[in-house]
Every structure is written in C-alpha cells, then in structure tokens.
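Asks: Next up is a structure, given as structure tokens.
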Amino acid sequence: MSNIQVAELNAYCKGTLNSALGIEFTEINKKYIKATMPVDERTIQPMGMLNGGASMALVETVASAGANLYLDRDKQVGFGLEINGNHCKPAFKGEMVTATASPLHIGKTTQVWQVHIHNANGELINASRMTIAIRNR
C-alpha cells in the first residue's frame, strides 16, 4: 500500500468532483480509508435530504482512492467497474457524513471494497460495495 498522506491525497484531488462536493479525506491506513462530505446545497435533493447520487459519488471516491493506493500507479490504474448501494437512513442539510471504505478483496485484476456512510451519531446512512477493475497503463 502507498505511503501517501491525507494532505497529499486531498491536494491531488483538488479541482475535481471532491472539491465540488466538499469531500475531504481524513484518514488512511492499511485497513480502511475515510472521507467526509457535508450535507449542504451541493449535496441535497429538493426536500433537504442527502441526494442518493451524492452518496454514491462519495462511495466511488473513497473506494477508488483506496484501491489505487494498493497499486504502483506508474504501471497500473484502478477504476470503477460496478457499484451498488443501499440507502438506509436519510441525512439532512447541516449534517456531515463520513464514508469508511475497507477492502474485501485485493486481486491482480479486480478489487472489491465495502463502504459504509455514517452520520455524526454513528447511524448507518448508506451501505455499498464497489468492484474496481485493475488495468495496466
């Protein structure tokens, strides 16, 4: 696994969807990677709740980042192949949600990541799984 630090990863992602949605990585280690996202005007649907698409963007962001940390980026790249998610509980404008992505399978051609999004009270907002395709550059 790469030794990249949180600040480096956030800087690398500046000017991407992460910036547009307010996603910030907060923790990286061998067991998981975490990122937060505000529930605000960028991420809500008209009824003031977290948009499911924003949740899935957060899922893809943390799973893809985690997957690529396991690769030699000069030789390989990982990208989303399949994603599925269950929206378990709403989050509302003004809240902050945290996604934690953990690898279930690290293979030569695919990786599978589990991602859970929680609110500040630790309640499960979304449970997802993502498959990452690994390709040579």
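Asks: I want to confirm something. Restricting to segment 102-137 and keeping residues that are outside any strand (DSSP E or B) and at pLDDT 95 or above, which single residue is farthest from Ile44 (Cα to Cα)?
Replies: Among those residues, the one meeting the criterion is Lys108.
Asks: Mind checking which residues of segment 18-67 are buried (at least 16 other Cβ atoms within 10 Å of the Cβ), in contact (Cβ under 8 Å) with a residue 24 or more places away in the chain and in a strand (DSSP E or B)?
Replies: Phe25, Ile28, Ile33, Lys34, Ala35, Thr36, Met37, Pro38, Ile44, Met49, Leu50
Asks: Considering only residues of segment 2-17 that are in a loop (DSSP other than H, G, I, E, B) and farther than 12 Å from Ala65 by Cβ, which is farthest from the chain's Cα centre (by Cα)?
Replies: Per the stated criteria, the residue is Asn3.
Asks: Among the residues of segment 2-12, count how many are surrounded by 13 or more Cβ atoms within 10 Å (Cβ to Cβ) and either out of contact with any helix residue (DSSP H, G or I) (no Cβ under 9 Å at 6 or more places or on another chain) or under 19 Å from Asp74 (Cβ atoms) (or both). If you could, list the steps in order and put the result at the bottom.
Replies: Applying the first criterion (surrounded by 13 or more Cβ atoms within 10 Å (Cβ to Cβ)) to segment 2-12 yields 2, 4, 6, 8-10, 12.
Cutting the leftovers down to either out of contact with any helix residue (DSSP H, G or I) (no Cβ under 9 Å at 6 or more places or on another chain) or under 19 Å from Asp74 (Cβ atoms) (or both) gives us 2, 4, 6, 8-9, 12.
Going through segment 2-12 one residue at a time, the tally reaches 6.
Asks: A follow-up question, please. Pairs only if they're at least six apart or on different chains, beta carbon under 6 angstrom, first in segment 114-129 and closer than 11 Å to Val62 by Cβ, second among the aliphatic types (A, V, I, L, M) and assigned to a strand (DSSP E or B); list them, first residue then second.
Replies: Gln114/Leu104; Val115/Ala99; Val115/Ala101; His116/Ala127; Ile117/Val97; Ile117/Ala99; Ile117/Ile125; Ser128/Val115
Asks: Which residues, taken from segment 89-101, are exposed (fewer than 13 other Cβ atoms within 10 Å of the Cβ) and either touching a Ser or Thr at 6+ places or on another chain (Cβ under 6 Å) or more than 16 Å from Met47 (Cα to Cα) (or both)?
Replies: Within segment 89-101, none qualify.
Asks: When segment 21-42 is examined, which residues are found to be under 14 Å from Ile125 (Cα atoms) and of a type in the set (Ser, Thr, Tyr)?
Replies: Thr36
Asks: Could you list, in sequence order, the residues of segment 112-137 that are farther than 19 Å from Ala35 by Cα and either under 17 Å from the mean Cα position of the chain (by Cα) or buried (at least 19 other Cβ atoms within 10 Å of the Cβ) (or both)?
Replies: Ala133, Ile134
The values are calculated or read from the model by the stated rules, or taken from the named source; none is laboratory data. Computed from a predicted model, the values in this text were never measured in an experiment. When we count neighbours, we look across all protein chains shown, and the Cβ atoms used for this are built from the backbone with ideal geometry, even at glycine.
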